[in-house]
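Down below is the structure, laid out as C-alpha cells.
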Ligand SMILES: Cc1ncc(C[n+]2csc(CCOP(=O)(O)OP(=O)(O)O)c2C)c(N)n1
C-alpha cells in the first residue's frame, strides 16, 4: 500500500494545524500508521505555516519527499506557490483563494491560480467569500476544505466524524460537521 | 490498548511519567518547551520553569542526589548555559536517575546556531540516546532513567526538531504501562562523591573513565543499537530522524541504527561494516560518527557527500543514490517572502518605532523582540545569546565612551541572564541605557510564565520580582529608572531622551502585555 501524502499550508491563525490534526486523527481512526511534521517557534510569528501528513500501512519519514505530494491544500493563495517542488503531474491542489499580504508587501502577485491550473488539471480554486457566508464563519473553512479532500482519499466517514469531534472546540462540532459535509458535496 | 498520536515532546513527558519521574525542571526553548508543559499536567510530579538552564540543572542535581528520578529539559544552546554543572555532575554521578534533554535544532528553525550537542556527550563523558520517533522518544526516556541509575551517570536524550515536533503513533497498554514507583531513599552524605574538591574529583575521574569503558562495551549488546541486514551492497550507519530518511529512500538497504550515539559500540560497528560492501554514514550536522568510525580504521562515505550544514531529508539520500525525479513544476509569478514578523499591535513595535527616530546603536537580545531587526524597524545592531544585550553594550561603550549604547532585552531574558550583566554595568561604572520590554510572558517560546510574571508553571501565584527594587539595589538612582506604558510612544520617546541626558546607567522599563497572551488570558476567563 502506497503512503498517502497530504501537505497543508497557510499563514498563522488560519487553522492549518487543526486541519492537519483532523486528517491525522481520521487516518489513525481508520487503523493506519500516521506521521505528521510541522515546525513550531520563531517561523510561526506571522510567517508561513505548513504541516506534512503521511499515512499508510507503515510510514517512515515524517517529512514528505519532494515531488510526492498527493494532495496540497493551501489556505492562502500565494502560499501555494512556495510548495511546487513537492508536487508532481498527478498531484491534486485545493486552493482557497484567500489573499493575506505579508508585512511590507503592497502588490499581490497575480496569476498564481491560473498558472498552476494550467499545468495541473487537478486544481480546485475555492473562493472563501462564497463559503464564509454559507458556513456562517470563516473559521469553518479549514474543515470545509477537508470535506473536499475527503473525496480524493479513502478514509471512512465515521473516522472523519470521530476525528472532527475529538479536535474541534467544544460546541462547534455541528457547524464543523456541516462544513465538512458541504466540502464533500463541493 | 490505546492508540495515541503524540508529538515527540508529548511522548518524552509520557515516558518520564511512566518511569516514575518525581521532578521535572527546565527553561523554555524551541524545540524542547512542550515536554515540561505536558509533564506539568501530572499532579504527582513536581515541575518548575527555572530561571535559566544552569539553575535548572543544579536544581535537578539536588533532586537526583535526594533520590528522585529527575528530568531536566532545555534546547541545545541551553546546554551551553548549563555546561558548568554538567561537566562536574558527570564526575559525581546520581542517586535518582538524572536525564537531561538536549533538544537540538538542525537548520536553526528557531535558534541562533546549529551546534551539534553530541559533542557535549563526548566532552562531558555522559552517555547520549537519540530517538527517531515518538514511540522511541517515550521508550528511550524510560531506558535513559534505567541506564542513569545502573551506571551512576547522568544520561542525555537528544531529540531534534523533527522528532520533538513530529507526531507518530504511540500504543499505551493501560495495564502494562503503569507508572513505576522507585524508592531510592533520601540524600545520604557521601563527601568523596558529592563534594568535588580536587582530591576527591581526581579519584572520581578514574571512576568516570571506567564507567565510560563499561558503557562502551555494553553498548555492543544494548537493545536500541540495532542492525537490519538486507541488501549488503551498501550499509548505512545512522541515528534519530535520519534513520527514517534512509528507510524512506532506501527501504531494502542494510542499516545499523544507533539508539545510543555516545559512546559508540565499536565491536558492533566493526561487525556491521565487515558484512556490507560499502559503508555510508548518514548523520545531520557534524561528522561525529564518521570521525570515530574512521578512527576504527574503517573507510566510509559521509560528509564528502552529505552537508554539515542544515538538516537532511529523504531527498538527501535519494540524491545520493542518484534517483531521478520529475523536474519540478515552476510558474512565472514571483512570490514575495513571508518572513516572521512582530505581530500587528505588538507592544515591542512602539519601542522600535521610537528608537528608529534616534541615532543610537542598540545591542539586542533573544526573544520576539529580536524580530525588530527586520524592516521596517531595523532596530537592533547585535544579537549573540540570551543576556548578551546588556553586556555587549558595555563592551561597545568601552571602545567609544563619548556615546551611549543601548541594550534591549525581554522580561524572561532579563531574568535568565540579564541581571548579572546589569550588576556588572553598575559595578564597573557603565552608562548604558537598558531597555527592558516586559510583555508579561515568555512570548517567543509560546507564553511561559517567568519570575517577573507573578505565576508558576502550574498557573499558581508567585511573587513577581520587583524591577524598581532590583535596580535600586544594584545602585541605579530614582532619576535613572523610568517605567512607561508600551502603548504610549510619546512617553517612551520623552523617557529615552531624559535618560540619555543623564549620561548615567539607566533602566527604561516598558510594560505592555503581549497581544497573543492577552487574547489567550481573556479567553480563559
Ligand atoms: C540559552 C537559551 N535558552 C533558551 C532559548 C530560547 N528562547 C529564545 S527567546 C526566549 C525568551 C524570550 O522571552 P522574553 O525575553 O520575555 O521575550 P519575548 O519573546 O516575550 O518578547 C527563549 C526562552 C535560547 N535562545 N537560548
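Hey, could you check the stretch A:43-70 for residues that are touching a helix residue (DSSP H, G or I) at 6+ places or on another chain (Cβ under 8 Å) and more than 25 Å from residue B:326 (Cβ to Cβ) and say which is farthest from the other protein chains (Cβ to nearest Cβ)? If we take residues in the stretch A:43-70 being touching a helix residue (DSSP H, G or I) at 6+ places or on another chain (Cβ under 8 Å) and more than 25 Å from residue B:326 (Cβ to Cβ), then A:49 is farthest from the other protein chains (Cβ to nearest Cβ). Based on what the data block shows, is residue B:484 assigned by TED's automatic domain parsing to the domain that holds residue B:371 and more than 26 Å from the chain's Cα centre (by Cα)? When the stated conditions are applied, residue B:484 passes them.
Could you check the stretch B:153-181 and list, in sequence order, the residues that are touching a residue at least 24 places away in the same chain (Cβ under 8 Å), surrounded by fewer than 17 Cβ atoms within 10 Å (Cβ to Cβ) and more than 14 Å from every other protein chain (Cβ to nearest Cβ)?
Across the stretch B:153-181, the qualifying residues are B:173, B:174, B:178, B:179, B:180, B:181.
The set of residues from the stretch A:81-96 being free of Cβ contacts under 8 Å to residues at least 40 places away in the same chain and crowded, with 16+ Cβ neighbours inside 10 Å comprises A:81, A:84, A:87, A:91, A:93, A:95. Against the definition (touching a helix residue (DSSP H, G or I) at 6+ places or on another chain (Cβ under 7 Å), surrounded by 16 or more Cβ atoms within 10 Å (Cβ to Cβ) and at pLDDT 95 or above), how does residue B:511 come out, yes or no? For residue B:511, the condition - touching a helix residue (DSSP H, G or I) at 6+ places or on another chain (Cβ under 7 Å), surrounded by 16 or more Cβ atoms within 10 Å (Cβ to Cβ) and at pLDDT 95 or above - is not met.
For residue A:73, the requirement of being under 24 Å from residue B:329 (Cα atoms), crowded, with 23+ Cβ neighbours inside 10 Å and more than 9 Å from every other protein chain (Cβ to nearest Cβ) is met. In summary, strands (runs of 3 or more DSSP E) completely within the stretch A:1-84 and bearing 1 or more residues that are more than 16 Å from the chain's Cα centre (by Cα) occur at A:33-38, A:48-56. Identification of helices (runs of 4 or more DSSP H) wholly contained in the stretch B:75-192 with 1 or more residues that are within 16 Å of the ligand (Cβ to nearest atom) and farther than 15 Å from residue B:14 by Cα yields B:76-81, B:83-92, B:118-124, B:161-164.
When B:440, B:446, B:429 are checked against the criterion of being at pLDDT below 95 and either assigned to a loop (DSSP other than H, G, I, E, B) or more than 8 Å from the ligand (Cβ to nearest atom) (or both), B:446 stands alone in meeting it. Just checking, does the stretch B:48-55 include any residue being within 22 Å of residue B:182 (Cα to Cα) and either within 16 Å of the chain's Cα centre (by Cα) or at pLDDT 95 or above (or both)? Among the residues of the stretch B:48-55, at least one is within 22 Å of residue B:182 (Cα to Cα) and either within 16 Å of the chain's Cα centre (by Cα) or at pLDDT 95 or above (or both), which makes the answer yes.
Per-residue answers, yes or no, for (1) in a loop (DSSP other than H, G, I, E, B); (2) within 11 Å of chain A (Cβ to nearest Cβ); (3) touching a helix residue (DSSP H, G or I) at 6+ places or on another chain (Cβ under 8 Å):
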site: B:298; (1), (2), (3): yes, no, yes
site: B:309; (1), (2), (3): yes, no, no
site: B:340; (1), (2), (3): yes, yes, yes
site: B:365; (1), (2), (3): yes, no, yes
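Would you be able to say whether some residue in the stretch B:400-422 is touching a residue at least 60 places away in the same chain (Cβ under 8 Å), surrounded by fewer than 17 Cβ atoms within 10 Å (Cβ to Cβ) and more than 12 Å from the ligand (Cβ to nearest atom)? Checked the stretch B:400-422: no residue is touching a residue at least 60 places away in the same chain (Cβ under 8 Å), surrounded by fewer than 17 Cβ atoms within 10 Å (Cβ to Cβ) and more than 12 Å from the ligand (Cβ to nearest atom).
Answer with yes or no whether residue B:72 is part of a helix (DSSP H, G or I), under 11 Å from the mean Cα position of the chain (by Cα) and within 16 Å of the ligand (Cβ to nearest atom). For residue B:72, the condition - part of a helix (DSSP H, G or I), under 11 Å from the mean Cα position of the chain (by Cα) and within 16 Å of the ligand (Cβ to nearest atom) - is not met. Filtering the stretch B:233-263 to residues that are in a loop (DSSP other than H, G, I, E, B) and surrounded by 21 or more Cβ atoms within 10 Å (Cβ to Cβ) leaves B:239, B:250, B:259, B:263.
The values are calculated or read from the model by the stated rules, or taken from the named source; none is laboratory data. Because the structure is predicted, anything quoted here is derived from the model rather than measured. So basically every Cβ, Gly included, is an ideal-geometry build from the backbone, and we count neighbours across all protein chains shown.
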